[in-house]
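The values are calculated or read from the model by the stated rules, or taken from the named source; none is laboratory data. Please read these numbers as outputs of a predicted model, since none were measured by experiment. So basically every Cβ, Gly included, is an ideal-geometry build from the backbone, and we count neighbours across all protein chains shown.
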Amino acid sequence: MKDQKFNTERDFVVEDWEFGAERGAAADSREFPVFGEELEVPEIVRKKMDAAFLQVRQTGKIVRFPSAHRNGRVRKTAAAAACAALLAAGVFTAAAAVYGQWSRSMSGELQGSPKQQRMLEESGMAVAWNGGSDGEEARLTGDGTAQEFAAVTDGGVTVRPQMAVMTDDCAWISFSVDGYVPVEGEQPDFEEVTLYLGDDPEAESGQVNANFGFYDGIVMDAGGSPVYDDGTPLKHTPDGRTMERYADENGTLEYVLYLFPVSGGSLADQTLHVRFENLGTVGRAAYTPDRTGVWEFTLPLTGSAEARICRSDAEIGDSGAVLCRAELTPVSVKAHLSFRTPESEEAREEMNLKVSGIRLKDGTMLPYITDGGRVTYAEGEEEPLTLFYSLSRIIDPAEADALLFLNPLAGPDAAPEDRFCIVPLEP
């Protein structure tokens, strides 16, 4: 067996997070959004997890997310103020190559080297929406066609789409927010966020799963510990509260949407409608309004079908589940599973099968890099169970030689090599 190099020695506790009613074409087809096998780490990470999960709400056919609070109560929003948003002068162009100009939040959400970022740019997965915002002409990709957008200013606050990283199955979109300085020690938040795909907000196909929030400047380092995105240790207030870094040196905030389609659809060539309403802060007790405004955008999602397809016929430990094939992109992994026996298929929920990371060809283990995603089960199919996850780090799919499934039998004191079922991928 080749040497295995782990990038972490921490103990981790993984919890299940499943949301939503049963969906699918048939009653036996079920899909659950799954947000993050997160690490049991200090208070700042638990707080980020709470904020992320509490924001997942759906109302009718439109996915509408009222601002959520740490105590789990969702504030009921009033009707939006009847005021027209002012279009700022900065017009910019979609589908511009990023070329090293990644936003602060996107560099934190999808950690990677400049070489890995360039790989996403050249594949068309990463695009910038900032051409012309500073008077400079945008550099275009593809056939050079352009679609114009404008920043939106309302209530003295300017919101501008910055960039996106997109596959057919998921997308990250970052926005800059200028003109608003949150109360020190409080989390900035829009009071309500509305998202839908396509032209008809009432259509079933318009539904989308999403996770979002203001970027706080805190990321996981290679050892699984939270640090600031410049690599420096976290600072704390005298009472022990972690000090976030929402604003950059210019006072600009950044907001990130992570989304994927409901029912396993595709984001390719879709149009995303985004509406932010009102701006304030979230404290321990309630949302505190500060600015009244509406910021609306219509954004193209190009998506990318580029993926490495790997075959396998390896059993996942002693579970009776078999990895049939995997689809790897630089920012996501999808595993298609079957079962050796009807009994093992019936016990799939108790197995709690989860992809946690990958092993590289040189033996390096990246064990805790999966993030939000979905689990889909379709009874009667040859490959009835599909696990999909986005990644928190950019990978080169060609360098992966195995998937790491969490070993449900391993306790918190298990040795690193015993925490996973290593399932090899065929070349």
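Values as computed for the structure displayed
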item	result
Residue that is surrounded by the fewest Cβ atoms within 10 Å (Cβ to Cβ), among those in the stretch 299-340 that are of a type in the set (Val, Ile, Thr) and touching a residue at least 60 places away in the same chain (Cβ under 8 Å)	Thr302
Subset of the stretch 333-356 [polar (S, T, N, Q), outside any loop (DSSP other than H, G, I, E, B) and either modelled with pLDDT under 85 or over 29 Å from the mean Cα position of the chain (by Cα) (or both)]	Ser344
Test: residue in the stretch 166-175 that is in contact with a helix residue (DSSP H, G or I) (Cβ under 7 Å, 6 or more places away or on another chain), among the small types (Gly, Ala, Ser) and touching a residue at least 24 places away in the same chain (Cβ under 8 Å)	yes
Number of the condition not met by Arg359 [criteria: (1) within 27 Å of Val262 (Cβ to Cβ); (2) out of contact with any Phe, Trp or Tyr (no Cβ under 7 Å at 6 or more places or on another chain); (3) outside any loop (DSSP other than H, G, I, E, B)]	(1)
Candidates Arg275, Arg241, Arg291, Arg311, filtered to the one that is among the basic types (Lys, Arg) and assigned by TED's automatic domain parsing to the domain that holds Glu399	Arg311
Test: residue in the stretch 270-289 that is under 20 Å from Leu391 (Cα atoms) and outside any loop (DSSP other than H, G, I, E, B)	no
Any hit, the stretch 205-219, residues being more than 23 Å from Ser304 (Cα to Cα), of a type in the set (A, V, I, L, M) and touching a Leu at 6+ places or on another chain (Cβ under 8 Å)	yes
Index of the failed condition, Tyr246 passing every other in (1) crowded, with 17+ Cβ neighbours inside 10 Å; (2) modelled with pLDDT under 90; (3) not in a strand (DSSP E or B); (4) not charged (D, E, K, R)	(2)
